[in-house]
Every structure is written in structure tokens, then in C-alpha cells.
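Data first, discussion second: the structure below is written as C-alpha cells.
The values are calculated or read from the model by the stated rules, or taken from the named source; none is laboratory data. Note that the coordinates shown come from a computational prediction; the quantities given were computed from them, not determined experimentally. Please note: Cβ atoms are built from the backbone with ideal geometry, for glycine as well, and neighbour counts cover all protein chains shown. Just the protein is used for accessible areas: all its heavy atoms, side chains included, with ligands, DNA and RNA removed. Shrake-Rupley method; radii C 1.70, N 1.55, O 1.52, S 1.80 Å.
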Amino acid sequence: MTESAGELFDLGYKRYEGPREGRMRARKAVFTNGVRTTLGLGRSSSAKVLPIIFFVAVMAPAVVLALVASQASALDLPGHSDYYQSVSIMLLLFSAIIAPELLCPDRRTGVIGLYLVRPLTVTDYLAGRWLAFFSITLLLVYSGQVILLFGLTLSAESPGEYLQDNWLDIPRFFGAGFLIALFTTTLSLAISAFTTRKAYAAAFVIGIFIISSAVAGILTGCEEHNDGAGGGVGQCEPLTGDFAKWFGLIDVRGVTIHMSDLIFDVKSTPEGSGRIAVLHNIIPISTYEACLAG
Amino acid sequence: MPEGDCLPTGITASEFLTHMAQVSGLPPAHAKTRAADILRHVGLDEERYRSIGEYSSGMKQRVKLAQALAHDPVIVLLDEPTVGLDPGGREEMLELIRRTGREFGISIIVSTHLMGDVESTCERIIVLDEGRVKEAGDVSMYTKETQNIFIDVDDKRSELVTALLSRGIEATVEGSSIAVVLENEVQSDGIRDAIVEVDAQLRRMGPRRQQLADIFRDDQK
């Protein structure tokens, strides 16, 4: 006869006697939750669809370029300096649509009240959310560049020589990606902080991109009826004359491209960021920094 | 535990509670265990992996209480914990609050306008009037038996009041009952005689307990 190995479990309420890590744990929790919210983790499958679409959309150009480079290495294909230009719209859409998810629902549903009765300040909360979204945006902008780097290096006849010749691209794309992520994250979260509705915040961010780009285009563009002879390249004068380069600064959509141009030391198309390029680098950089700080 | 909405809709109760326990300072592994424990104690064990958005009002109130208990506090403040609940849900919530105080050993402060909730769950009461303490003490002090006798009759209520007054017994109609202020034992016989005299059908007669709501009624007089 065998003895039964029964066990008794006390299912009554037990006081918590484990460690309490205070404010630092609270900050980490807000950051982790922000990352999970951004990626839709722990949420319904529909919440994961948009982040997946954006990741695919941002990485697709890098994968395509890497594949094409492996097949036709002799061609002069776009490289790291052009990558941010090709995905800038997607990055802006990503920040416009996903960023409100981190701030708006918490205030709309009243969860923010539960945060603030715990060892957490408003600054901790905002910093945690900002850092979470910034980290994911950074991951997004770097992944494509890293794929592109692998593709271009491996498709070169001599990978070692390629890296030796183009090593400067690596710190450049890290630097440009950092600034672009900093800008898109801060702008979209700052706008999201003004409303409790995700749709309004997203529409407002997208609206700012479109309107600022259009206004900058008008103020820095050529007059259509210039001399009645048409505005050929090199002949037309911008509507705002010498001030055109300054008005180029208000083009929010062009900021990401211009940041990339500054870091990679290349000249973009003659509109928007191209016009700003006339200014000394310190001017646009300080303007964007001032906007971000604000 | 706030009175209004404070719950996210797109995540499960388990995920929400684990997160809230971490925001209260608990390490992730402890927070997860603690969340599961608390959800079992508030009766949401089976439902913990469902989205909070699909919960009923009663279940949402339980989640609100659970998030307040997630980090095992010494004291919890509950603001109108039974608001928006049907009678069944309200009784369950009150029982949960009683258990929290009695079995979990957590002190509870309930802020409510529902005196019935206070009578059935609380030991002490503080009545505030425009921010100033108006009354304070044990709930039992405000709910003890009074010298008032309540008489419920099916008919002839006004005749019975007249008969009582003619015997020198102070009687008034309060709602569907007759309230009698008993000044001495002899008056009990007078009540009996008055009922017999008017031949009223007696349904109930007994001493009346004070109610917390009387504190406010006295103020209005």
C-alpha cells in the first residue's frame, strides 16, 4: 500500500513580503508598458497589425535595395544617405498614428489618475512614454539601415574594402537616425498631449506635415507667372526672395530629409530642404533643437 | 479606487494588474504572481485573460478594487465603490469590501453618500459637512435602538393616531408607519388598548433602530 503524497495549499490572502523597488521600478514599468503598447504586445491581434505594417514598410526599401545590390553591384544604387529620404513619409506616418496610442487613452480612460497616486510624477510618466516610443522609433529607423549595410557589404566584390571605403556611413546613419527619431517622437507625442482622442492627434500631426510642407513649398517656390516666360530652372525667383531659405525651415515633413542631408553632407532636391541648405548648418539644427525643447 | 472610469479597455485584467503592481514598485515576477492572487480573491480568476473592455460594471468595479490591492497596501481609499451597480452586484461588492477589511487585514476608508453601504460595511464613520467634521464615532453609536416604537397597520391608520393621542401618547405618521415616542412602560398598555379600540389590523410593531441617514434628517429639521 502506497502512501499518498498529498499537499495542502493555503489559498487565503497572503500579505506581500517581497521587495519593493519604489520609483525606479515604476519608471521602468511605464517604459516597458509603453514599448508593449507601441508594438501591440499583450493586446488584441488588431493592435499588432499597424506596427507590423510600418516595420515591413520601412524595412522593405532596405531589403529591396540589398537584394538589387547583390544582383547588380556595378550599378550606382541609392545608399545609406538616400534611405531616410525614401522612408521619411512612413516614419512620419508611424509617429503620427502610433504615438497618440501612448498618451491619449490613458487620459481618456482615466488610467493616468491611477499612475499619479503611485510613486510616479508627471515627468516620470512622460519621460517613460517618450523613451519607449523613441526606442521603438530608433529600432525602426536603424533596422532598415543595418539590413542595407549588410546587403551592400555582402554584395560588394570585396566586403572588407567596401567597409573600409564607406565606414563613415555607419556613424552617419546612426547619427541621422537618432536625430530623425528624436524629432518625430517628440513632435508627435507633444501634439498627442493636447487631446484625449487618438484620431484627432493623428489627424493633427498628419495635417501639420501636409500644411507646413505646402506652405513652405509656396513660400520657397517659384512664381508661376514669372515674367510670363515660364519658370525655367535657374530663371525663376522664389516668391519670398532672399527669405526663401528661412521659410524652408517651417517644412516639418522636410526636416527628416534635411537632417539626413546634413549628416551625410549631401544636397537634396532643390525644394524644401535644398533651399535650407543655403543656410549655415548651425541655423536649421538650432531651430529644430529649439522646437524640440519647446 | 476612484469613483469614475479608470480602466484601459484593450488589455486583459491580468496584464493590467501586473503592470499596476510594477508601477507600485513590485518586481516583475512578484507582480505577476500577486496579480493572479488578487484577481482570484476578487472573484475574477476565470476571467483574468479576457479584455477589460468586455467586462460588466460589477467586474470592472472588482478590477478597480484589485488594482488598489495589487501591492498589498496598509490602507485603501474607496470612492463610491458601489456606484452604477445593480442590487446583486452591490451586495457582492460590499461583501468583498468586508472581506478585504476582515480577512486581508487592510484598513479601508470608504467615501460614499449611500448610508446603507456604510451601515453594512463600516465600523466607524466621519460625517463631513462642507469640509468640516460634523459627526464622528462608531457606526453602532448611530444605529442603536431608540425609544421610538414603530407601528405598521394595514388599515385605520388615522383613527389609531387619534386614539393614541387621546391617551396622551405622542404619535405621528412617518411614511407608512406610525411613530410613537414611548415615555414609560405604562404607555405600552395604552398602545395595545388603542389598537383594540379602533380594531386595526396590526402587521408589525417594534422598537426602531436609528439610521445613519437620521444625521442628515436631523440637520434638515
Using a Förster distance of 60 Å, the FRET efficiency for B:L77-A:E157 (Cβ separation, nearest 0.05): 0.25
Other chains near A:101-114: what is the mean number of their Cβ atoms within 10 Å of each residue's Cβ? 4
Averaged over residues of A:28-39, the number of beta carbons from other chains lying within 10 Å of each residue's Cβ is 3
Violations at 21 Å Cα threshold for listed pairs A:K198/B:K32; B:K64/B:K134; A:K48/B:K64; A:K14/B:K64 -> A:K198/B:K32; B:K64/B:K134; A:K48/B:K64
So what's the net charge close to A:Y115: Lys and Arg +1, Asp and Glu -1, counting the other residues with Cβ under 9 Å from its Cβ? -1
Apply the a/c threshold of 1.5 to the C-alpha gyration tensor of the stretch B:95-221 and tell me whether it is rounded, prolate or oblate. prolate
Could you give the size of the charge dipole of the stretch B:1-157 about its Cα centre, using +1 on the Cβ of each K and R and -1 on the Cβ of each D and E, expressed in debye and rounded to the nearest 20? 480
Estimated inter-spin distance, B:E135 and B:V196, nm [label 7 Å along Cα→Cβ]: 3.8
Which residue, B:S120, B:S188, B:S57, tops the fluctuation ranking in a GNM of chain B built on C-alpha contacts under 10 Å? B:S188
Three principal axis extents, largest first, for the C-alpha atoms of the stretch B:16-78, in Å? 29, 25, 17
I'd like the FRET efficiency for B:E54 and A:R197, computed as 1/(1 + (r/R0)^6) with the beta carbon distance as r and R0 of 22 Å, rounded to 0.05. 0.50
Output row B,A: buried area (accessible, probe 1.4 Å, summed both chains) in Å², nearest hundred, equals 2600
Cα gyration tensor of the stretch B:13-122, axes a ≥ b ≥ c as square roots of the eigenvalues: rounded (a/c below 1.5), prolate (a/b > b/c) or oblate? oblate
B:R102 to B:Q211: FRET efficiency via 1/(1 + (r/R0)^6), r the Cβ-Cβ distance, R0 35 Å, to the nearest 0.05? 0.90
Tell me the trypsin sites (Lys or Arg not before Pro) within the stretch B:26-111 that lie in a loop according to DSSP and have at most 14 other beta-carbon atoms within 10 Å. B:R50
With runs of 4+ DSSP H residues as the only contributors, calculate the mean residue ellipticity of chain B at 222 nm using -39,500 (n - 2.57) per run, divided by the residue total and rounded to the nearest 500. -13000 deg cm²/dmol
Low-density loop cleavage sites - GluC sites (Glu not before Pro) in the stretch B:58-124, where at most 14 other Cβ are within 10 Å (DSSP): B:E103, B:E123
